[in-house]
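Engineer: This is the structure, below, for whatever I ask next.
Computed from the coordinates by the stated procedures, all read-outs in this text should not be read as laboratory data. The structure displayed is predicted, hence computed values, not measured ones. Methodologically, a virtual Cβ is constructed for each residue, glycine included, from the backbone with ideal geometry; neighbour enumeration extends over all protein chains shown.
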Amino acid sequence: MLTCFTFRALQFPGEAWLRICVANCSVSLITIQPDGLVVLEMMGDHGHIDPERITFH
């Protein structure tokens, strides 16, 4: 669900989030600059999760 919100913040088409798969409990970071520019700093980072515990939905 957070992928959907991420894509909406980037002003992508509503159904675009269905075409990407990120790990459960992964981290995404969006920065909105004072001039309104939206920057996706990272998406789906799962380096903090032990590899054997990574799952996808």
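Engineer: Would you pick out the residues in the stretch 42-54 that are surrounded by fewer than 10 Cβ atoms within 10 Å (Cβ to Cβ) and under 16 Å from Leu2 (Cβ atoms)? Spell out how you get there, then give the answer.
Structural biologist: Residues of the stretch 42-54 that are surrounded by fewer than 10 Cβ atoms within 10 Å (Cβ to Cβ), as a first pass: 47-48, 50-52.
Hit for the stretch 42-54 is His48, nothing else.
Engineer: For the stretch 8-20: of the residues being touching a residue at least 12 places away in the same chain (Cβ under 8 Å) and touching a helix residue (DSSP H, G or I) at 6+ places or on another chain (Cβ under 8 Å), which is farthest from Ile49 (Cα to Cα)?
Structural biologist: Quick first cut of the stretch 8-20, residues touching a residue at least 12 places away in the same chain (Cβ under 8 Å) only: 9-11, 17, 20.
Among the residues that remain, those that are also touching a helix residue (DSSP H, G or I) at 6+ places or on another chain (Cβ under 8 Å) are: 17, 20.
Numbers: Trp17: 23, Ile20: 19 Å.
Once the filter is applied, the top-ranked residue is Trp17.
Engineer: State the number of residues belonging to the chain that are hydroxyl-bearing (Ser, Thr, Tyr) and part of a loop (DSSP other than H, G, I, E, B). Spell out the reasoning first.
Structural biologist: If we filter the chain for residues that are hydroxyl-bearing (Ser, Thr, Tyr), which is where we start, we get 3, 6, 26, 28, 31, 55.
Remaining after also requiring part of a loop (DSSP other than H, G, I, E, B): 26, 55.
Residues that pass the stated criteria total 2.
Engineer: From the set of residues in the stretch 21-40 that are on the phi < 0 side of the Ramachandran plot and in contact (Cβ under 8 Å) with a residue 24 or more places away in the chain, which is nearest to the chain's Cα centre (by Cα)?
Structural biologist: Of all residues in the stretch 21-40, those on the phi < 0 side of the Ramachandran plot come to 21-24, 26-35, 37-40.
Now drop any that are not in contact (Cβ under 8 Å) with a residue 24 or more places away in the chain, which leaves 21-24, 28, 30, 38, 40.
Values: Cys21: 9, Val22: 7, Ala23: 10, Asn24: 11, Ser28: 5, Ile30: 8, Val38: 13, Leu40: 8 Å.
Result: Ser28.
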